[in-house]
1. Give me a comma-separated list of calculated 3J(HN,Hα) values for the stretch 57-72, in order, Karplus coefficients 6.51, -1.76, 1.60 applied at θ = phi - 60°, integers in Hz, x for any Gly or Pro.
2. Report the Cα-based extents of the stretch 318-443 along its three principal axes, largest first, to the nearest Å.
3. So how do E330, E296 rank on accessible area, 1.4 Å probe, biggest first, that is with the largest at the start?
4. I439 versus T285, label points 7 Å from Cα toward the beta carbon: distance in nm?
5. If you line up the long axis of helix 26-37 against the longest principal axis of the chain, both from Cα atoms, how many degrees apart are they, to the nearest 10?
6. Can you bin the stretch 449-523 into rounded, prolate or oblate? Criterion: square roots of the alpha carbon gyration tensor eigenvalues sorted a ≥ b ≥ c, rounded for a/c under 1.5, prolate for a/b above b/c, oblate for the rest.
7. If you keep only loop residues by DSSP, which trypsin sites (Lys or Arg not before Pro) in the stretch 271-308 have at most 12 other Cβ atoms within 10 Å of their Cβ?
8. On a full-extension model of 0.36 nm per residue, what is the gain between E528 and T276, subtracting their alpha-carbon distance, rounded to one decimal in nm?
Amino acid sequence: MTRRISSLVAIVGLSLSSASAQEVDARAALLASIEAMGADELETIEYSGAGFSSRIGQQYSVNGGWPTFQVVDYTRSIDFDAGWSREDYTRQQGDYPAFGRTPMAPVRVTAVVNGAYAWDVRGDEPVPLLRPYLDGIAYNELRQLEIAITPHGFLKAALAADDATAISLPIIGASDFGVSQFGRQVTIVSFTFLDKYKINGTITDEGLVELVGTWIPNPVYGDMDYEMRYTRYQGFDGIMFPMQIHTHQADPRLNPAHNYFQYDIASVKMNVPVETMPVPDVIRTAVRPPARVQSEQLADGVWRLAGGSHHSLLVEFRDYVAVVEAPQNEERSLAVIAEVGRLVPDKHIQYVVNTHHHFDHAGGLRTYLSQGTTIVTHESNKQYYLDILFHPAPRTLQPDRMSRYNPMYWISRRPAPIETVDGDVRRTGKYAISDGEQILEIIRIQDMAYELGDNSLRQGIHSEDMLIAYLPKERILINADLYSPPAPDRPAAAVATPGMRTLYENIRKLRLDVERHAPIHGRVGTHEEFVELLTRR
């Protein structure tokens with residue numbers, strides 16, 4: 001009790017009520033909080049609970065929240081000095097809406113970081129994480145950062161930093177439940193982690209860490225907010241720990257989607273033995289390959305640009321070319337643009353078609369916009385893209401062409417070249433790119449549940465703004481996330497998905513004469529194969 005009282009006295013001395021912010025000694029503030037939290041006595045921790053997590057960047061509506069799924073049997077172990085963390089949990093659909101997807105089956109997840117190495121475990125096998133998180137930050141840096149933004153990890157990392165600063169100020173207005181508000185005094189400590197990531201932590205007038213925020217690179221948001229909120233603290237042998245952890249990614253000022261996960265903690269064990277796993281050789285030697293594009297000619301003037309998890313399609317017109325889909329990030333877009341220049345060296349990319357707003361399908365659009373290419377997307381995305389994806393603000397963590405050179409000046413070159421396709425969930429809409437000979441139709445597809453009275457098709461379009469592309473002369477259909485022909489070495493799905501059935505009903509209604517499917521994911525397949533798979537209901 002004496003220790004707790006002395007730490008509170010120290011904190012009050014640092015943050016006497018003031019009408020404005022005042023600089024304070026960061027080290028003194030941290031030491032006082034460390035004493036109040038018991039962080040100086042904490043070397044390892046294991047905590048367990050359950051809650052929900054989310055698919056960041058995969059919202060059904062551009063104005064909706066991230067789609068969520070249930071998390072059960074969650075356990076995390078951390079060895080702070082070793083830089084070790086292991087998370088084990090089961091994710092499943094639970095009672096959360098599937099938004100037209102096949103409901104998520106239970107999957108056991110094991111996520112590990114050991115110093116500068118990060119990997120997952122499936123069964124007993126270590127799995128390298130070569131693709132960055134949301135096509136932005138590398139997983140090894142993300143998971144190190146995620147130790148540093150835990151309550152006790154923040155205090156330890158901030159105390160070790162040589163650039164920590166702090167201010168004390170009252171939070172005058174209202175805040176979310178459990179967080180300082182209505183004049184309560186807080187101390188905010190700021191420092192740099194891994195020489196690049198700014199971390200800010202808010203300490204209450206009782207010395208408890210209630211908020212820790214940082215920013216991570218993301219192709220859509222740029223420097224994207226990542227905030228941890230810690231509330232409902234309880235004491236465990238003199239060490240304080242929050243019994244609810246609530247997390248945000250993105251920015252609710254710009255878009256309602258921001259809730260990443262929330263876990264209600266049921267068990268906390270301090271300074272328990274933690275068996276750190278040595279870095280497996282397959283992880284230590286893993287090297288992320290550069291973006292690679294493999295082109296395949298499907299018809300005269302039509303190429304599939306594959307080579308990764310997401311593909312694009314190139315269509316040649318008389319005086320220009322068009323690209324369908326700019327997925328993932330700038331690295332992928334630059335590789336695709338280079339391949340386009342090799343295949344059709346004398347024509348500019350006049351149009352790039354965006355099938356829908358999901359991060360993995362829109363993350364490469366900025367690269368095209370930076371050279372003046374016209375973006376074709378659904379009308380609901382235009383303001384969202386202007387406010388977030390195409391915003392000219394600096395990107396400090398992962399600069400791209402737009403942020404480095406800003407060639408699309410928003411005064412001298414305005415308005416931004418964005419063409420839109422209309423239509424809503426109950427009706428289709430169409431946009432055509434043509435030179436009089438070649439035609440590329442961009443079609444807003446319809447949620448067929450309303451028209452057919454079949455609720456099993458509801459939200460089967462995957463995303464409220466979903467577009468497909470169709471080449472009538474070549475009879476080629478391009479879709480994203482609705483249908484991918486099964487890989488030769490994998491069995492087909494036992495039943496047709498709502499997305500496949502929705503695509504079929506739109507093809508039938510629009511009277512599209514399809515011969516081949518060239519999806520954004522997976523291989524090219526015939527329409528006969530697609531129809532045969534549909535019979536598996």
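The values are calculated or read from the model by the stated rules, or taken from the named source; none is laboratory data. Everything numeric here is computed off the predicted structure, so don't read it as measured data. A quick note on method: Cβ atoms are made from the backbone with ideal geometry, for glycine too, and the neighbour counts reach across all protein chains shown. Heads up: the accessible areas ignore ligands, DNA and RNA and are worked out on the full protein's heavy atoms, side chains in. Shrake-Rupley method; radii C 1.70, N 1.55, O 1.52, S 1.80 Å.
1. Ordered by residue, 3J(HN,Hα) equals x, 10, 5, 5, 9, 4, 9, x, x, 4, x, 10, 9, 7, 10, 10 Hz.
2. 41, 38, 29
3. Details: E330 35, E296 80 Å².
Final ranking, largest accessible area leading: E296, E330.
4. So the two model labels end up 5.6 nm from each other.
5. The answer is roughly 80 degrees.
6. On the way: a/c = 1.79, a/b = 1.12, b/c = 1.60.
Taking the square roots of the gyration eigenvalues as a ≥ b ≥ c, the stretch 449-523 is oblate.
7. Values: sites: R284, R292, R304; in loops: R292.
Counting only loop positions with at most 12 other Cβ atoms within 10 Å, the trypsin sites (Lys or Arg not before Pro) in the stretch 271-308 are R292.
8. Working: separation 252, 0.36 × 252 = 90.72 nm, distance 5.22 nm.
Length gained between E528 and T276: 85.5 nm.
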